[in-house]
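Undergrad: Just dropping this structure here.
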Amino acid sequence: MTSLFTVLRRRKWVALPVGAAIAAALAYSLSPTGHAAPKISAPAPVAVKMVAAGQEDFPVWLDAAGTVTSFNVVNVRSRVDGQLERVAFQEGQMVHAGDLLAVIDPRPLQAQVNQSAATLAQEQAKLASNQVDLKRAAGLAAAGAGPTQAVDTLRAQVATQTAAVQAARAALDSARLQLGFTRITAPIDGRIGQRLVPPGSMVHATDAVGIATITQMNPIWTSFPVPQDQLPLLLDGNQARPLRVEVLSRDRTRSLAAGVLDFVDSQVTPAVGQVTLKARFDNAGPALWPGELVAVRMLVQTHAKAVVVPDQALQQGPQGPFVYVVDAGHVAQVRQVSTGEAFKGMRRIQAGLRTGEIVIAQGQYRVEPGVEVEQLAAPAASDAVASAAGAEQ
């Protein structure tokens with residue numbers, strides 16, 4: 001009888017070949033081709049757009065909404081009463097100071113001038129007669145042939161008549177001045193508006209509505225509010241030189257004019273916490289129109305040799321803004337940064353990044369810290385044309 005130990009030993013040697021066969025069959029079945037499974041390779045690099053952090057003088061612009069305002073707006077009115085005889089301007093034309101705008105019937109005032117001139121001549125004749133009488137009486141009194149009292153009386157008459165002549169001359173000057181007001185001229189350079197009174201109408205010096213309105217177009221102002229927190233920065237910048245101000249269309253697609261800061265209001269509006277500024281512009285075009293709503297931006301500061309990256313390179317995380325920095329081994333790592341102002345698609349980096357370091361500007365959604373990346377290939381010319389055509393459609 002075979003012992004139990006001998007049986008168990010035989011079963012052990014039989015089980016080993018069977019287990020090896022089962023393992024070999026299992027490996028064969030897991031291979032699609034019936035061969036041994038291939039070795040797992042490393043993942044391919046992620047294609048992203050990479051750029052180097054640049055260095056440039058970075059401007060700091062303050063944006064606001066503004067209103068174009070004129071230096072002077074004059075309501076042209078008559079200074080005398082009379083009939084509007086002629087209008088000498090076209091609505092909307094540019095006029096210059098001294099240009100004739102309208103004529104009021106001068107005949108009634110011309111008659112007053114003639115009357116005042118006649119009165120002056122009468123008073124001058126009386127004065128001449130009194131002066132002759134005074135001279136004669138003074139000669140007689142000096143010879144002892146006449147009383148000295150008559151000389152005193154005639155001297156008083158001469159003084160009185162002299163005053164009468166002066167009054168008559170002033171009346172004549174006033175009449176001539178009123179006659180001159182029948183010719184209405186432009187007091188300033190500017191653009192004249194609608195004609196408010198037709199020829200033939202009666203106009204008066206007390207009329208609330210004038211004949212027309214002249215608006216000065218060049219130079220011109222643009223007024224705009226800024227937050228009170230920006231006041232110290234712009235005041236400091238304005239002390240060195242007048243700050244540059246640009247006016248843009250409301251959609252910010254066109255630059256209309258460039259000027260300088262000309263006025264800072266003396267008070268902050270408490271309700272909104274803003275202060276009103278005015279910028280001065282040459283407007284020979286004219287490109288700016290009084291009352292027009294525009295976009296305004298003011299250059300308040302320039303950071304010399306600032307570190308800048310494309311604005312799209314910045315990401316937001318729980319700890320604030322960050323960028324993916326690519327090292328020499330093409331491995332992306334997270335870098336926390338402190339950001340400043342943005343301008344034309346670029347962002348100023350205050351801290352956390354050095355000039356020349358490589359950052360990922362596109363494709364960050366496919367990247368994780370420690371992932372290997374490669375530069376995204378530029379699209380072929382045909383692909384670029386197709387993309388442009390699709391954008392136009």
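Undergrad: So if each residue of separation counts as 0.36 nm, and I subtract the Cα-Cα distance between LEU299 and ARG183, what length gain in nm does that give?
TA: My answer for the length gained is 37.0 nm.
Undergrad: Quick one: check the C-alpha center-to-center distance for region 265-299 versus region 60-75, whole angstrom.
TA: 3 Å
Undergrad: For LYS135, list the aspartates and glutamates whose Cα falls under 20 Å from its own Cα; do not include residues on the same chain fewer than 8 positions away.
TA: Those aspartates and glutamates meeting the cut-off are GLU123, ASP152.
Undergrad: Can you tell me the mean projection area, over all orientations, of the convex hull of region 152-214's alpha carbons? Units nm², please. Don't skip to the end; give the middle numbers.
TA: Values: hull surface 27.1 nm².
Approximately 6.8 nm², given one-decimal rounding.
Undergrad: What aspartates and glutamates sit close enough to LYS344 to cross-link, taking a C-alpha to C-alpha distance under 16 Å and skipping anything fewer than 8 places away on the same chain?
TA: GLU56, ASP57, ASP63, GLU246, ASP251, ASP311
Undergrad: Just from the alpha-carbon atoms, what are the Rg and Dmax of region 81-208 in angstroms?
TA: 24.3, 79
Undergrad: With no solvent and one equal point scatterer per Cα, compute the Debye intensity ratio I(q)/I(0) for region 239-386 at 0.17, 0.18 Å⁻¹ and report its log10, rounded to two decimals.
TA: Relative scattering, expressed as log10 I(q)/I(0), comes to -1.03, -1.08.
Undergrad: In addition: Taking all pairs of different Cα atoms in region 278-355, averaging 1/r and flipping that mean, what Kirkwood radius in angstroms comes out?
TA: Working: mean 1/r = 0.0632 Å⁻¹.
One decimal place: 15.8 Å for the Kirkwood radius.
Undergrad: Would you mind estimating how fast region 50-103 diffuses translationally, via Stokes-Einstein at 25 °C and 0.890 mPa s with the Kirkwood radius over Cα pairs, in µm²/s? List each step's numbers first, then the result.
TA: Working: Rh = 17.4 Å.
Answer from the Stokes-Einstein relation: 141 µm²/s.
Undergrad: If you don't mind, there's one more thing I want to ask. Can you give the direction-averaged projected area of the convex hull of the alpha-carbon atoms in the chain, in nm²? Write down the numbers at each step before the final one.
TA: Details: hull surface 184.8 nm².
Seen from a random direction, the Cα hull of the chain projects 46.2 nm² on average.
Undergrad: Mind checking which helices in the chain clear 27 Å along their axis (Cα) and have mean Kyte-Doolittle hydropathy of 1.0 or more, DSSP H runs only?
TA: Numbers: long enough: 4-30 (39 Å, 1.05); 107-143 (55 Å, -0.24); 148-180 (48 Å, 0.12).
The answer, listed by residue number, is 4-30.
Undergrad: While we're on this one: Whole Å is fine, so just give me how far the alpha carbon centre of region 309-362 lies from that of region 158-189.
TA: 79 Å
Bear in mind these aren't lab numbers, they're just calculated from the coordinates by the rules spelled out. These figures come from a predicted structure and were not determined experimentally.
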